[in-house]
Amino acid sequence: MQIKWTDESVTDLDEIESYIAEENSPLVAIDIVLRVIKVVEKILPDHPGAGRPGRVKGTREFVIDGIPFTAVYRQLEKQNQLQVLRVLHDA
């Protein structure tokens, strides 16, 4: 199954990177963003039901282990695609 990152999810990743770079360091920020991408692209294509049911109908929420972020996604079976809609902080 193919992963498609929406414009909103890419914006979320950019904002996460900027915030962490200001509060911590650019290397930590890049490491966290790459971790989100790597985990999502490694697990969800083979296990699209891995996330819990989302708060919005038709979505799922995948908690990234070890960091406080959740990827909100939906499965488009006809297109054999998972759309990552948002990447949100758990707070």
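Derivation of every value follows stated rules applied to the coordinates shown; laboratory data play no part. As the structure is a computational prediction, the values presented were derived from the model and not from experiment. Cβ: placed from backbone, ideal geometry, glycine included. Neighbour counts: every protein chain shown.
One table, with the values for the structure above:
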{"item": "Test: residue in the range 20-39 that is under 18 Å from residue 2 (Cβ atoms) and either without any contact (Cβ under 8 Å) to a residue 24 or more places away in the chain or of a type in the set (Gly, Ala, Ser) (or both)", "result": "yes"}
{"item": "Complete set of residues in the range 57-91 that are under 26 Å from residue 19 (Cα atoms), out of contact with any strand residue (DSSP E or B) (no Cβ under 7 Å at 6 or more places or on another chain) and surrounded by 11 or more Cβ atoms within 10 Å (Cβ to Cβ)", "result": "67"}
{"item": "Selection from the range 20-39 of residues that are surrounded by fewer than 13 Cβ atoms within 10 Å (Cβ to Cβ) and within 20 Å of residue 86 (Cβ to Cβ)", "result": "34, 38"}
